[in-house]
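The values are calculated or read from the model by the stated rules, or taken from the named source; none is laboratory data. The shown structure was predicted, so the numbers you read here are calculated from the model rather than taken from an experiment. Note: ideal-geometry Cβ built from the backbone for every residue, glycine included; neighbour counts use all protein chains shown. Keep in mind that these areas ignore ligands, DNA and RNA; they rest on the heavy atoms of the full protein, side chains included. Shrake-Rupley method; radii C 1.70, N 1.55, O 1.52, S 1.80 Å.
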Amino acid sequence: MERKPDCLGRTFMEVISEKYSPENFPYRRGPGMGVVVVPTTISQGSPMKDRLNLPSVLVLNGCGIIRAGDQAEIAAFCAHVMELDLSHNKLQDWHEISKIVSNIPNLEFLNLSSNPLAGVALEPRYTEAFSRVRRLVLNNTQVSWETVLQLTREMPDLEELFLCLNEYTCVTASNEACPSLRLLHITDNSLQDWAEVRKFGSMFPSLDTLVMANNNLASIQDGKEILKRLFPNLRSINLHNSGLTRWEDIEKLNFFPKLEEVRLQGIPLLQTYTNTERRSLMIAQLPSVSSLNGSAVTDSEREDAERFFIRYHLDYPEEELPYRYHCLVTKYGKLEPLAEIDLRPRCHAQVEVHCEDKVEQVNIRLDQTVAELKKQLTTVVQLSTNNMRLYYIDKDVCSAFGPEEMKYSTRALHSYSIRDGDEILVVPKTK
């Protein structure tokens with residue numbers, strides 16, 4: 001087989017023969033981890049020499065591949081391959097891609113991300129090659145939507161489709177549905193109008209997971225019956241960094257009959273709320289959702305969120321109260337505002353200082369030590385710190401042991417639980 005000039009790019013088989021040659025990949029790692037194939041019909045001068053060691057998962061990203069190479073060799077060496085990563089290569093001809101795929105009969109996963117496929121037409125006769133693929137990744141290929149429809153019509157077992165970073169602003173509905181598709185990952189496009197998203201429902205009636213982050217979707221425009229009919233099986237939706245600005249759009253998520261997982265961060269609606277408020281208000285609005293932004297919603301968290309929702313709206317005018325508020329009031333009743341309790345430690349206390357017949361009201365800092373309190377009281381009782389003993393008297397507790405002597409000079413005053421109105425007794429030391 002004569003090697004073509006490098007200016008035409010590398011072939012799939014050239015890259016395989018180089019990467020998985022006995023010199024570079026010499027050992028089998030056990031059953032299922034790789035195979036040793038000894039071809040019987042390889043042409044004279046084949047770059048694969050005597051044999052190749054190929055795993056069932058081939059990762060050939062960023063290898064400069066532009067063409068398929070010898071199809072007989074692909075068929076001989078890749079019959080067992082199930083997953084193929086061809087991302088970040090130079091493939092720009094669907095015919096060449098089909099030559100590779102058609103000769104890998106057990107292929108289930110194909111990644112063509114970041115190959116230059118913008119404006120590249122797919123001739124109908126080449127689409128059958130992709131019929132066995134179950135997971136197809138076309139991220140950042142700028143592949144046309146028409147080509148996507150051509151592929152899905154010929155892929156009866158397709159379960160997962162990745163179409164991120166393809167600059168789609170609109171999509172065209174297909175006359176033929178793809179009932180096998182479960183996951184559509186179409187992030188980082190420009191699908192701002194719900195009319196475009198609506199088409200996914202008719203095209204992919206079994207859709208379980210819809211990932212639409214970073215599309216700046218403006219609103220959810222359909223009502224309950226339409227959403228229920230179009231997305232009967234949708235279980236998970238990701239609308240991170242969309243353009244939703246109304247709580248009405250959040251309420252409409254309840255109209256998807258099987259929805260249980262929602263991801264909704266970075267939307268304009270929630271920018272003015274604290275993190276706690278965002279999560280609580282969202283959980284309260286979505287009674288059937290069991291996972292929010294990747295975190296499970298527990299029963300206790302839901303009850304706390306629903307009670308918070310009621311109290312949050314207590315001061316709203318009747319005409320501005322959301323529908324969910326009335327549902328929750330029926331469940332819990334009209335709750336009273338929570339009492340505001342200051343749990344911060346006290347910093348000061350107003351105490352009575354008694355010294356012989358003298359009584360003074362003194363404001364003391366509770367973060368100071370007994371030694372520091374003695375210094376403060378020297379000007380009050382006219383005694384030096386070495387010539388006084390201090391006793392603490394709790395006004396609310398009648399101790400059988402009498403006043404508590406404050407004998408440890410390094411002990412902090414707050415450890416005595418001193419409060420306003422308590423007494424400090426200063427007794428001069430006897431000489």
* To do: Look at the range 193-234 and say how many of its residues are more than 23 Å from the chain's Cα centre (by Cα) and of a type outside the set (Lys, Arg).
  => 17
* **Matching entry among PRO322, PRO337 (being within 30 Å of GLU260 (Cα to Cα) and under 52 Å from the mean Cα position of the chain (by Cα))** => PRO322
* What about ARG324, is it buried (at least 19 other Cβ atoms within 10 Å of the Cβ), touching a residue at least 60 places away in the same chain (Cβ under 8 Å) and assigned to a helix (DSSP H, G or I)? -> yes
* Would you be able to tell me the number of residues in the range 402-431 that are among the small types (Gly, Ala, Ser), part of a loop (DSSP other than H, G, I, E, B) and surrounded by fewer than 12 Cβ atoms within 10 Å (Cβ to Cβ)? => 1
* Asked: Quick check: anything in the range 248-257 of a type in the set (Asp, Glu) and in a loop (DSSP other than H, G, I, E, B)?
  -> no
* To do: Taking ASN61 as the residue in question, decide whether it is surrounded by 19 or more Cβ atoms within 10 Å (Cβ to Cβ), of a type outside the set (Lys, Arg), out of contact with any Gly (no Cβ under 8 Å at 6 or more places or on another chain) and in the same structural domain as SER180 (by the TED database).
  => no
* Structure fact -> Selection from the range 69-84 of residues closer than 20 Å to VAL137 by Cβ and open to solvent by 30 Å² or more (accessible area, probe 1.4 Å) yields MET82, GLU83
* From the list THR385, THR378, THR369, pick out the single residue that is among the hydroxyl-bearing types (Ser, Thr, Tyr) and touching a residue at least 40 places away in the same chain (Cβ under 8 Å). => THR369
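Residue-wise test of (1) at positive phi; (2) acidic (Asp, Glu).
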residue	(1), (2)
TYR273	no, no
THR298	no, no
GLU301	no, yes
GLU306	no, yes
GLY333	yes, no
* If only one of THR245, THR276, THR330 is of a type in the set (Val, Ile, Thr), assigned to a loop (DSSP other than H, G, I, E, B) and open to solvent by 50 Å² or more (accessible area, probe 1.4 Å), which one is it? -> THR245
* To do: Inspect the range 246-259 for any residue being touching a residue at least 60 places away in the same chain (Cβ under 8 Å), in the same structural domain as LYS199 (by the TED database) and over 30 Å from GLU160 (Cα atoms) and give the result as yes or no.
  => yes
* Structure fact -> Filtering the range 261-273 down to residues that are open to solvent by 70 Å² or more (accessible area, probe 1.4 Å) and in contact with a strand residue (DSSP E or B) (Cβ under 7 Å, 6 or more places away or on another chain) yields ARG263
* Within the range 295-321, which residues are over 13 Å from GLN285 (Cα atoms), in contact with a Pro (Cβ under 9 Å, 6 or more places away or on another chain) and either assigned to a helix (DSSP H, G or I) or among the small types (Gly, Ala, Ser) (or both)? -> ARG311
* Which listed residue, of LEU207, LEU227, is in the same structural domain as ASN139 (by the TED database), part of a loop (DSSP other than H, G, I, E, B) and crowded, with 21+ Cβ neighbours inside 10 Å -> LEU207
* Asked: For the range 388-401, which residues satisfy the criterion of being open to solvent by less than 40 Å² (accessible area, probe 1.4 Å) and not acidic (Asp, Glu)?
  -> MET388, LEU390, TYR392
* Can you confirm whether the range 313-322 contains a residue that is in contact with a helix residue (DSSP H, G or I) (Cβ under 7 Å, 6 or more places away or on another chain) and outside the structural domain of ALA412 (by the TED database)? => yes
* the range 284-319 - residue that is among the aliphatic types (A, V, I, L, M) and within 20 Å of the chain's Cα centre (by Cα) and, of those, surrounded by the most Cβ atoms within 10 Å (Cβ to Cβ) -> ALA284
